[in-house]
Amino acid sequence: MANTDHRNEEPPSPSPGVVESAPKSAWLQKFLIPFASLENRNFRLLWLSDMGQSSAMWADQVARSWLTWQLTESATAIGLVNVFRALP
C-alpha cells in the first residue's frame, strides 16, 4: 500500500517564467468582499453609468441653484426652483 500522507512533502516548484501570486491577507480579503460584485462586467457597467448619472444630477442642481442666486439673490427662489425640479 502506498503512503498517502502528503503533509511533509513540499509543494512543487513553479515552472520557470511562472509568477505565483502572493496569498491575500485576511484583512484584504475582508476589505474586498463588498467589491466582489464589480467582477461582473454588466454590473460594473451599470454601476459606472449610475455614477455618471448621479454626478450629472448633482452638477445640474448646483448650476440651477447658482444661476437662481445670481439672478435673484433670494434663498426662497432657490428653494422653489429645487422643489419644482423635484416634481414630476
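The values are calculated or read from the model by the stated rules, or taken from the named source; none is laboratory data. As the structure is a prediction and not an experimental result, all values here were calculated from the model. Note that each Cβ is placed from the backbone with ideal geometry, even for glycine, and that neighbours are counted across all protein chains shown.
Of everything in region 38-88, what is surrounded by fewer than 11 Cβ atoms within 10 Å (Cβ to Cβ) and polar (S, T, N, Q)? Give them in sequence order.
Asn42, Ser49, Gln53, Ser54, Ser55, Gln70, Thr76
Hey, can you tell me all the residues within region 39-88 that are of a type outside the set (Gly, Ala, Ser) and part of a loop (DSSP other than H, G, I, E, B)?
The answer is Asn40, Glu73, Leu87, Pro88.
Looking at (1) modelled with pLDDT under 95; (2) surrounded by 10 or more Cβ atoms within 10 Å (Cβ to Cβ); (3) of a type outside the set (Ser, Thr, Tyr), can you tell me which one Pro16 breaks?
It fails just one condition, (2).
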